[in-house]
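Chemist: This is the structure I want to talk about, given as structure tokens.
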Amino acid sequence: MKWGKVINRCLPLVNKSPTLTLTSLAKKLKREGKDVVNFAGGEPDFDTPEFIKEAAKEALKEGFTKYTPSTGIPQLKKAIAKKINEENGFSCNEENIIVTAGAKFAIFISLFALLNPQEEVIIPSPYWVSYPEMVKLAGGKVKILPAQEEENFKINPSKLKALITSKTKILILNYPNNPTGITYTKEELEEIAQIIRDSPLFVLSDEVYEKILFDNLAHTSFASLEGVREKTITINSFSKSFSMTGWRIGFMVAPKKIVEEASKIVDHTTSCPNSLAQVAAVKALENNRDWYNFIKDTFQKKRDLIYEKLLECPKLKLIKPQGTFYLFCNIKSTHLNSLEFSSKLLTQYLVAVIPSTGFGEDGYIRVSFATNEENILKGAQRIKEFLAKI
């Protein structure tokens, strides 16, 4: 059979996730008994808090196992609206919210709801691996805005403005950023907001790492800036903030009309988010202050440790993360491309990292420090030994 005429023509344009591929290989080696240090993971290394799990257990005992409203149970949407108003600094109500099966699906339905065929989406690089692929799946056209290491991989407003055409529909923002770990100040966001106010662009603001910020930095939600709320879709999740990656609960906050249209996609795809996970998410938002402090302090200590150890490697140039649990490392002095570097490091020294090619750049690796101190020390030492042999 000639599969080229059978398969949807956009799917051959879509790439598999390199992060999942490398993580799967690392797990395979581990199952074979190899002592792999996994610096490739994209999730917190500790369990979901007990008070959240207990809420799910109680809901299970009570038989809360049926379909829910497609956009989320009212008590969760109410809790999210309260969180947005109090923590993110802009007003919304339940009509502005869709609870989804993870933030990934919130991003996808946002793109699908807004994009017509071949309308452009500006994605600053380095970017999270799934953004371009989801744009392609939604029928849009990817337009990369390269960011420079010398500018801390932040958007240059002049270059952004120059990239906008009559076909450009959306700008994707992601901060704190995966993979670089950088974030934006309110003043830097205001420069971008001025461009948005003067253009027809919508902004998809992915803020899932908002609670993992270091050195007393404050998070500013893009939608809280003057004159952009009606042009902004805010994406967030319980995965990173509450170590709930497998629960698959995310949400979008958007203008009412976008919510109305995007909800149709939910109606005819996933039907609704997981019922038990929604109850657990309500409890997460009710008891979060101590937990937020715990994850921030825990990851900052891990950041400081791995940064200190890898600074001892002269062949690495480090970008010190301001948030997330990722360290972005310049490996250009090794004269290996990022895929060669990552493959050799894994097969020869049993350390898994992510090559930057999947993030739209070459010459870098992403190192996740979402692991314990023993692994950080062991993995850093192996990287040091690997670099000494190059």
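Every residue, every condition in (1) in the same structural domain as LEU111 (by TED's automatic domain parsing); (2) within 25 Å of ILE80 (Cβ to Cβ); (3) surrounded by fewer than 17 Cβ atoms within 10 Å (Cβ to Cβ), yes or no:
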{"residue": "SER241", "(1), (2), (3)": "yes, yes, no"}
{"residue": "GLU308", "(1), (2), (3)": "no, no, yes"}
{"residue": "TYR326", "(1), (2), (3)": "no, no, no"}
{"residue": "THR334", "(1), (2), (3)": "no, no, no"}
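Chemist: I would also like to ask the following. Anything in the stretch 116-138 that is more than 20 Å from PRO176 (Cβ to Cβ), in contact with a helix residue (DSSP H, G or I) (Cβ under 8 Å, 6 or more places away or on another chain) and surrounded by fewer than 20 Cβ atoms within 10 Å (Cβ to Cβ)? List them, or say none.
Modeler: Residues satisfying the conditions are LYS136, LEU137.
Chemist: Tell me, which residue of the stretch 105-142 that is charged (D, E, K, R) and under 19 Å from the mean Cα position of the chain (by Cα) is nearest to ASN236 (Cα to Cα)?
Modeler: Looking at residues that are charged (D, E, K, R) and under 19 Å from the mean Cα position of the chain (by Cα), I get GLU133.
Chemist: Outside any loop (DSSP other than H, G, I, E, B), assigned by TED's automatic domain parsing to the domain that holds CYS272 and of a type in the set (Ser, Thr, Tyr): does that describe THR234?
Modeler: Numbers: outside any loop (DSSP other than H, G, I, E, B): yes; assigned by TED's automatic domain parsing to the domain that holds CYS272: yes; of a type in the set (Ser, Thr, Tyr): yes.
Yes, satisfied.
Chemist: Looking at this structure, is VAL142 in a helix (DSSP H, G or I) and not acidic (Asp, Glu)?
Modeler: Criteria not met by VAL142.
Chemist: Please state which one of PHE108, PHE153 is closer than 19 Å to ARG9 by Cα and either modelled with pLDDT of 95 or more or in a helix (DSSP H, G or I) (or both).
Modeler: PHE108
Chemist: Are any of the residues in the stretch 353-363 crowded, with 24+ Cβ neighbours inside 10 Å, in contact (Cβ under 8 Å) with a residue 24 or more places away in the chain, part of a strand (DSSP E or B) and within 24 Å of the chain's Cα centre (by Cα)?
Modeler: The answer is yes, given that some residue of the stretch 353-363 is crowded, with 24+ Cβ neighbours inside 10 Å, in contact (Cβ under 8 Å) with a residue 24 or more places away in the chain, part of a strand (DSSP E or B) and within 24 Å of the chain's Cα centre (by Cα).
Chemist: Among the numbered criteria (1) exposed (fewer than 15 other Cβ atoms within 10 Å of the Cβ); (2) free of Cβ contacts under 8 Å to residues at least 60 places away in the same chain, which one does ASN287 miss?
Modeler: The failed condition is (2).
Chemist: I'm told ASN216 meets every condition in (1) under 23 Å from ILE107 (Cβ atoms); (2) assigned to a loop (DSSP other than H, G, I, E, B) except one. Can you identify the failing condition by its number?
Modeler: All conditions are met except number (1).
Chemist: Would you call SER70 exposed (fewer than 14 other Cβ atoms within 10 Å of the Cβ), among the hydroxyl-bearing types (Ser, Thr, Tyr) and not in a helix (DSSP H, G or I)?
Modeler: Considered against the rule, which asks whether it is exposed (fewer than 14 other Cβ atoms within 10 Å of the Cβ), among the hydroxyl-bearing types (Ser, Thr, Tyr) and not in a helix (DSSP H, G or I), SER70 comes out as no.
Chemist: Hey, another quick one. Take the conditions farther than 30 Å from GLN75 by Cα, of a type in the set (Ser, Thr, Tyr) and either within 22 Å of the chain's Cα centre (by Cα) or not in a helix (DSSP H, G or I) (or both) and apply them to TYR307. Does it pass? Spell out the reasoning first.
Modeler: Details: farther than 30 Å from GLN75 by Cα: yes; of a type in the set (Ser, Thr, Tyr): yes; either within 22 Å of the chain's Cα centre (by Cα) or not in a helix (DSSP H, G or I) (or both): yes.
When the stated conditions are applied, TYR307 passes them.
Chemist: Here is a list of conditions, (1) more than 20 Å from the chain's Cα centre (by Cα); (2) over 24 Å from LYS154 (Cβ atoms); (3) in a helix (DSSP H, G or I), and PRO314 meets all of them except one; can you say which number that is?
Modeler: Checking PRO314 against (1) more than 20 Å from the chain's Cα centre (by Cα); (2) over 24 Å from LYS154 (Cβ atoms); (3) in a helix (DSSP H, G or I), the one that fails is (3).
Chemist: Next question, about the same structure. Give ILE265, ILE295, ILE249 a once-over and let me know the one that is hydrophobic (A, V, I, L, M, F, W, C), touching a Lys or Arg at 6+ places or on another chain (Cβ under 7 Å) and modelled with pLDDT of 95 or more.
Modeler: Result: ILE295 is the single residue among ILE265, ILE295, ILE249 that is hydrophobic (A, V, I, L, M, F, W, C), touching a Lys or Arg at 6+ places or on another chain (Cβ under 7 Å) and modelled with pLDDT of 95 or more.
The values are calculated or read from the model by the stated rules, or taken from the named source; none is laboratory data. This is a predicted model, so every value here is computed, not measured. Please note: Cβ atoms are built from the backbone with ideal geometry, for glycine as well, and neighbour counts cover all protein chains shown.
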